[in-house]
Every structure is written in C-alpha cells, then in structure tokens.
Amino acid sequence: MDEPLTVALPKGRLLAPAAELFRRMGWRCDLNGGSRQLLLTEPGTPDRPPMRFLLAKPADVPVYVEYGAADLGIVGQDVLWESGRDVYEPLHLNFGHCRLVMAGAPALRGRDLGLAVGLRVATKYPRLAQTYFQGRGLSVEVIPLSGSIELAPLVGLADLLVDLVDTGRTLRDNGLAEITQIAASRATVIVNRVAYRLRLARIRHLLAELEGANGQLYGQPEPQAMPA
Ligand code: PRP
C-alpha cells in the first residue's frame with residue numbers, strides 16, 4: 001500500500017470549507033469537531049491509499065508544504081503571497097474570497113500620498129505592504145502587527161493600514177474607509193514541488209478530485225489577476 005499523502009489544512013475561516021471538500025471526496029476529515037487533535041490519518045481502501053491531514057496556523061501551511069512535511073495544503077492566497085514560499089500552486093478554489101486593501105481615515109481618500117512624509121502603515125502583511133508602497137515610490141514605515149489592525153489608526157499608532165476586507169464591516173464599525181484595493185485573494189491549493197514530481201499520478205488524481213468537489217460545492221473559480 002502507498003504511503004499516505006499529507007494534506008495541511010489551515011485553522012480559522014478556511015477550515016470548514018476546506019474540510020468540506022475532502023468530505024465530499026469521501027474522507028471523514030474530522031479536524032474541526034470537538035477534538036484538539038492536530039494530525040489525523042485515515043485508512044485507505046483497496047482502490048484508495050490512506051490520507052493524512054494536519055491542522056496548522058494559516059501562515060504555517062506554506063512552510064509545511066515547502067519543506068515537504070505536507071505534500072499539499074490549502075491556504076489563502078494572501079497568506080501564500082506574504083509567505084514568499086516556493087511551492088507549486090496548481091488549483092484555485094472558489095471560497096475564501098477577500099480583498100487586500102489600503103485603508104485609513106475617510107479624509108485620506110483622494111489625497112496624494114506621494115506628498116505625505118513619514119507615513120506609518122500597520123499591517124499583518126509587511127512584505128506585501130512594503131512591495132506595494134515601494135512599487136509606487138512611496139517611502140513609508142511599515143509596522144507589523146498580528147491582528148486587530150483597524151485599531152492602529154484609531155489610536156495614532158499608524159496613519160494607514162493594509163489588511164483584508166471581507167464584508168467591510170470592521171472598517172465601517174471603526175470609522176475607517178478603503179482607499180485602494182491592492183489584491184483580490186481566494187483559497188488555493190499548494191503542492192510541494194518535489195512531491196509533485198515524485199508522486200505525480202497520485203497528486204494529479206487528488207487535484208482532479210479536489211477540482212470536482214470545488215465545482216460541486218462552490219462553483220468554478222473565475223480567472224484571476226496577480227496582485228498589483
Ligand atoms: C480579518 C481582517 C479584518 C477583518 C475583515 O480579521 O484582518 O480585520 O477580518 O473582515 P470584514 O471585512 O468582514 O469585517 P480577523 O477576524 O481574521 O481577526 P484579526 O484582526 O485578529 O486578524
């Protein structure tokens with residue numbers, strides 16, 4: 001019998017729809033129930049090798065996959081881009097849609113930020129934020145935070161923020177406004193480059209199953225542009 005493939009799944013918002021894909025494919029994938037188990041091996045059948053699921057922080061999923069501790073994973077593209085990890089990204093999924101935006105006080109909308117000096121930008125995405133501002137010739141100080149980014153402009157820690165918007169409610173409830181969209185993100189499948197070559201048939205088969213389950217559950221994803 002084949003060694004199991006190992007799939008890294010992200011804790012948080014993407015876990016339920018990602019686990020649902022595998023359930024649709026016939027796996028139990030019971031990682032978001034009552035247990036705190038982080039690693040789960042499910043036995044195979046005569047025509048299907050076993051599968052192993054691991055549960056990681058979203059930012060760590062690309063790390064497990066790049067190092068080959070997981071053969072493949074599901075993660076938000078925002079997290080993947082920020083990680084800069086070298087993995088193969090063969091399949092986009094049709095859930096986890098959100099937008100990476102620059103936001104701030106409504107008065108900043110329409111202002112020429114090129115004229116401002118010493119702007120501070122709070123973000124959970126320091127790499128993407130730095131790339132975005134550098135690409136526009138704007139010199140800003142990026143302040144990395146790990147959450148509740150919308151707080152930073154309210155208390156004078158930063159002038160702007162770069163963060164995800166889903167419904168827009170957090171910005172609205174904190175009196176902030178979107179200034180520019182930097183990128184649109186969704187859930188995506190990533191694969192370890194070596195595993196993809198060495199276990200090609202098995203991984204391709206799994207990708208085809210994932211694509212089918214994604215279509216049935218969430219519809220086919222639209223083609224997508226890379227971040228600005
Ligand atoms: C995310 C994101 C925004 C919020 C956007 O934070 O960083 O704060 O959700 O969602 P909305 O547009 O639907 O309001 P999350 O809830 O993951 O918590 P965090 O701020 O602690 O990272």
Here's a check for you: in the range 109-131, which residue that is modelled with pLDDT of 95 or more and of a type outside the set (A, V, I, L, M, F, W, C) is surrounded by the fewest Cβ atoms within 10 Å (Cβ to Cβ)? Arg127
For the range 124-141, does any single residue satisfy the condition of being part of a loop (DSSP other than H, G, I, E, B) and within 7 Å of the ligand (Cβ to nearest atom)? yes
State which residue pairs qualify: first residue in contact (Cβ under 8 Å) with a residue 60 or more places away in the chain and inside the range 35-56, second residue among the hydrophobic types (A, V, I, L, M, F, W, C) in any location, beta carbons under 8 Å apart, and separation of 6 or more residues or different chains. Pro49/Met1; Pro49/Leu5
Among (1) at pLDDT below 95; (2) more than 13 Å from the ligand (Cβ to nearest atom); (3) in contact with a strand residue (DSSP E or B) (Cβ under 8 Å, 6 or more places away or on another chain), where does Gly219 come up short? (3)
Between Glu150, Glu141, which is open to solvent by 70 Å² or more (accessible area, probe 1.4 Å), over 30 Å from Pro4 (Cα atoms) and modelled with pLDDT of 95 or more? Glu141
Could you tell me whether the range 71-78 includes any residue that is more than 16 Å from the chain's Cα centre (by Cα), under 21 Å from Leu198 (Cα atoms) and surrounded by 15 or more Cβ atoms within 10 Å (Cβ to Cβ)? yes
Just a yes or no: is a residue in the range 96-111 away from the ligand (no atom under 15 Å from the Cβ), of a type outside the set (Gly, Ala, Ser) and assigned to a helix (DSSP H, G or I)? yes
Does Ala158 count as under 19 Å from Leu119 (Cα atoms) and either among the aliphatic types (A, V, I, L, M) or within 16 Å of the ligand (Cβ to nearest atom) (or both)? yes
Ala183 within 13 Å of the ligand (Cβ to nearest atom) and either surrounded by 14 or more Cβ atoms within 10 Å (Cβ to Cβ) or assigned to a helix (DSSP H, G or I) (or both): no
Search result, residues across the range 6-19 that are surrounded by 21 or more Cβ atoms within 10 Å (Cβ to Cβ) and not hydroxyl-bearing (Ser, Thr, Tyr): Val7, Ala8, Leu9, Pro10, Leu14, Ala18, Ala19
Considering only residues of the range 20-34 that are open to solvent by less than 70 Å² (accessible area, probe 1.4 Å) and free of Cβ contacts under 8 Å to residues at least 24 places away in the same chain, which is nearest to the ligand (Cβ to nearest atom)? Asn32
Candidate set from the range 90-108 (those that are over 26 Å from the mean Cα position of the chain (by Cα) and in contact (Cβ under 8 Å) with a residue 24 or more places away in the chain); member that is surrounded by the most Cβ atoms within 10 Å (Cβ to Cβ): Leu108
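The values are calculated or read from the model by the stated rules, or taken from the named source; none is laboratory data. If you're wondering where the values come from, they're calculated on a predicted model, not measured in any experiment. Positions of Cβ are generated from backbone atoms using ideal geometry, with glycine treated the same way; all protein chains shown enter the neighbour counts. All accessible areas refer to the heavy atoms of the entire protein, side chains included, with ligands and DNA or RNA removed. Shrake-Rupley method; radii C 1.70, N 1.55, O 1.52, S 1.80 Å.
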